[in-house]
1. Please state which one of 89, 82 is open to solvent by less than 70 Å² (accessible area, probe 1.4 Å), modelled with pLDDT under 95 and either part of a loop (DSSP other than H, G, I, E, B) or farther than 28 Å from residue 131 by Cβ (or both).
2. Would you pick out the residues in the range 578-596 that are open to solvent by less than 40 Å² (accessible area, probe 1.4 Å), in contact with a strand residue (DSSP E or B) (Cβ under 8 Å, 6 or more places away or on another chain) and under 12 Å from residue 307 (Cβ atoms)?
3. Where the second residue is assigned to a helix (DSSP H, G or I) and of a type in the set (Phe, Trp, Tyr) and the first is closer than 10 Å to residue 218 by Cβ and lies in the range 574-585, which pairs have Cβ atoms under 8 Å and are six or more apart or on separate chains?
4. Tell me yes or no: at least one residue of the range 65-75 is assigned to a loop (DSSP other than H, G, I, E, B), among the hydrophobic types (A, V, I, L, M, F, W, C), within 24 Å of residue 130 (Cα to Cα) and under 33 Å from the mean Cα position of the chain (by Cα).
5. For residue 447, only one of the following conditions fails: (1) part of a loop (DSSP other than H, G, I, E, B); (2) more than 25 Å from residue 477 (Cβ to Cβ); (3) touching a helix residue (DSSP H, G or I) at 6+ places or on another chain (Cβ under 8 Å); (4) modelled with pLDDT under 95. What is its number?
6. Residues that are of a type outside the set (Asp, Glu) and modelled with pLDDT under 95, at least 2 per element: which strands (runs of 3 or more DSSP E) completely within the range 560-679 meet that?
7. Go through the residues of the range 56-64 one by one and say whether even a single one is open to solvent by 80 Å² or more (accessible area, probe 1.4 Å), without any contact (Cβ under 8 Å) to a residue 60 or more places away in the chain and touching a helix residue (DSSP H, G or I) at 6+ places or on another chain (Cβ under 6 Å).
8. Is it fair to say residue 242 is within 28 Å of residue 148 (Cβ to Cβ) and surrounded by fewer than 17 Cβ atoms within 10 Å (Cβ to Cβ)?
Amino acid sequence: MGAGSDYFEKRPDKTNLFETMRTAGYEVATTPDAWAKASGIKAVALFHPKDMPPVTSGQRAMALKDMVTSAVSFMDRDNPQGWVLMVEGSQIDWCGHDLDAACAIAETLDFDDAVGAALDYSRNRDDTLVVVTADHETGGMATIDPRYADRFVNALGGSQAVVKRVAMGNKGASADPVESFALGARSADRKEAPLNGETVWGMDEVEDDRFTLTWGYFSLASRPLWTSEDRFWGAHTVTLVPVFAEGPSANVVARQLDNADVGQALINLVNGEANVTKQVQPASRPKNVILMIGDGYGFNAMALGNYTLGDLNARRLPVRGYVSTHGVDHVVNDSAATATALATGKRTRAKATGTVVQDGKLVPGVSILAAAESRGIATGLVTSTQLTHATPAAFFGTQEDRGNLPGLANDFLTFKDRSGGDGIDIAIAGGRSSFDAKQREQLEAQGYKVVDTFEPKPTQNTVMLLAPEGLSGARARLRGNSPQPSLAQMTHAAIERLSTDQDGFFLMVEGGQIDWKLHDGAKDETLVAEIQDFDEAVAAARAYVEAHPDTLLIVTADHDHTISVLDNHYPFASGRCGVAKRCGGTETFDELAVKVDGLVHADGFRDPAVRGDWPPAAVLVQYAWIVEEAMKKESLKAPHSAHFVPLFAQGPWSEELRGYSDQPEVGQLLHRWAATLSD
């Protein structure tokens, strides 16, 4: 079912394939009415001569969801052995190629309605598996909000100047490079509804009820340089894409890490292999919990790490999910509020650190660190940033503004009394300048050993303040060019100290400088090094979990950035790369080598006969066009985005994190763990 009847009956070779198909036993329909009368067991229904019109035109002969419903009904007629149906929401991709955000939203919602139609069928049965995935991402779409977008647009001379800079002129129409849309809430009947004061995912205090979409630098910057009469299109990216599955054997499909393996899993199911989903028994309460936060570590940064470093340790964890990261007042959130959601289980305002909204006011929240301490559970914090930086501070501080560093330092001093425990057992971080001599004396009076150098085997409550501010960059620490340790060494030291506690422990580890490099707009090996530093820390934690299966390990991110990743083949294949120096433009892109030996199904990368004239595989990093272009003109930092972020987990209770979680729900699980110590 679909469109393209001309390719069957009005062909240059004069062959009428519809007649051939009728001879082979197919019923042929070119209108919905004709399709409704099809009564056999084989049919082809093509409702438009060429392409299906865009959903926004209102001219489609049949909606995708209706095609799904009718196709399912048709397949059910005489197939006692079951059936396989493939459904494609194809024009999401077309909109991405056109760099048309309004089109992409409409096609995505249309596809989602089709998913709903499939679930309406499958959820009334126990024998139907629904799998939803993507083939790739297109255009490097970035989801930001007006407070960020306006800043960058204004730096480029305003909206009209921005449109003019990337327009195709007389070569064809161009979609606006930056478009804002009203927030919406989809009601139970799957209709769009305006915000109208209605809470959308807990965004009770949002002042600007819009979000903004834009596209990757490479494609938008190349568009005005396009000289051919052929259609210009934006490039695919190599970002990791989701796999959702529900029904029998869903876990068999959803656990695959590569699209070829998803296909093989489906073939195996059709062949009758691995077609029984094992029931996961409820696990006993984990004794220990390790929460690892890659600051800014979204799906695109993970794709960068995966291709330059090889298969990442986080991706080897058996449970996978994704997390929304907005706050009560903004679609795009900051590290303080996102970390507070993870620490307290409650969403809060941007910049709020450990404080949550109650009756319209910010009040101190109860963090998982405090909840654990109050029950005698050992606790620790590890970060490559300052101890008083937003993410670690959300676990012990209670400041309305993350910028109040003296207040956060004082919060660390008073945390022991406020939590009712014996104080944080181990803290390894930078941020020495946040604590003066008197405050260090106060910490020592509380029984802490306060040191400025790394101790790999601490034996008492210890605060290691290893740098005046943040630690040295990961590249220096990983190469031994800094006296400071890697994040993996810090993680191992913290676990060594905490694992001696009989009641278990909670440890938060942050790879904080991934975010710093992304704010700087880094596109080179310094960004990869920060990802490597965090991934090696994940490996250290994972090794402990493998040896101690009573430990829950959670790896996630607090938020994402506007980064996306390209390869050095596809964007250049048809010359739609005018901005690149190798295509006659002015921009030089760092080409980061793909670690072929670290990837599955990478034979084509190894074989020069398959590669042809292309150089060995490499990847390129880009940010949203308005971000990169404005950063050339003004001293601006690249912004966060509202993209969902990944979550990986292993150990008891990890199954509860499979699939979608709203960020506060992760924190709520942690608090439930602390509250059930007596189990």
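The values are calculated or read from the model by the stated rules, or taken from the named source; none is laboratory data. None of these values were measured; they are calculated from a predicted model. Don't worry about glycine lacking a Cβ; one is built from the backbone with ideal geometry, like all the others, and counts go over all protein chains shown. Protein only, heavy atoms only, side chains kept; ligands, DNA and RNA dropped before computing areas. Shrake-Rupley method; radii C 1.70, N 1.55, O 1.52, S 1.80 Å.
1. Values: 89 fails: modelled with pLDDT under 95.
Sole residue among the options that is open to solvent by less than 70 Å² (accessible area, probe 1.4 Å), modelled with pLDDT under 95 and either part of a loop (DSSP other than H, G, I, E, B) or farther than 28 Å from residue 131 by Cβ (or both): 82.
2. From the range 578-596, those open to solvent by less than 40 Å² (accessible area, probe 1.4 Å) are 578-580, 585, 589, 592, 594, 596; that's our starting set.
Going one step further and asking which of them are in contact with a strand residue (DSSP E or B) (Cβ under 8 Å, 6 or more places away or on another chain), we end up with 579-580, 589, 592, 594.
Selection gives 592, 594.
3. Short answer, once both residue conditions are applied: 577/218; 579/217; 579/218; 580/218; 580/572.
4. Filtering the range 65-75 down to residues assigned to a loop (DSSP other than H, G, I, E, B) leaves none.
No, the range 65-75 contains no residue that is assigned to a loop (DSSP other than H, G, I, E, B), among the hydrophobic types (A, V, I, L, M, F, W, C), within 24 Å of residue 130 (Cα to Cα) and under 33 Å from the mean Cα position of the chain (by Cα).
5. All conditions pass for residue 447, except number (3).
6. Details: elements: 564-567, 618-622, 645-650, 659-662.
Of the strands (runs of 3 or more DSSP E) lying wholly inside the range 560-679, those with at least 2 residues that are of a type outside the set (Asp, Glu) and modelled with pLDDT under 95 span 659-662.
7. Start the filter on the range 56-64 by keeping residues that are open to solvent by 80 Å² or more (accessible area, probe 1.4 Å), which leaves 56, 59.
Those still in the list that are without any contact (Cβ under 8 Å) to a residue 60 or more places away in the chain too: 56, 59.
Pick out the ones that are also touching a helix residue (DSSP H, G or I) at 6+ places or on another chain (Cβ under 6 Å) and you get 56.
Yes, there is a match, as at least one residue in the range 56-64 is open to solvent by 80 Å² or more (accessible area, probe 1.4 Å), without any contact (Cβ under 8 Å) to a residue 60 or more places away in the chain and touching a helix residue (DSSP H, G or I) at 6+ places or on another chain (Cβ under 6 Å).
8. On the way: within 28 Å of residue 148 (Cβ to Cβ): yes; surrounded by fewer than 17 Cβ atoms within 10 Å (Cβ to Cβ): yes.
For residue 242, the condition - within 28 Å of residue 148 (Cβ to Cβ) and surrounded by fewer than 17 Cβ atoms within 10 Å (Cβ to Cβ) - is met.
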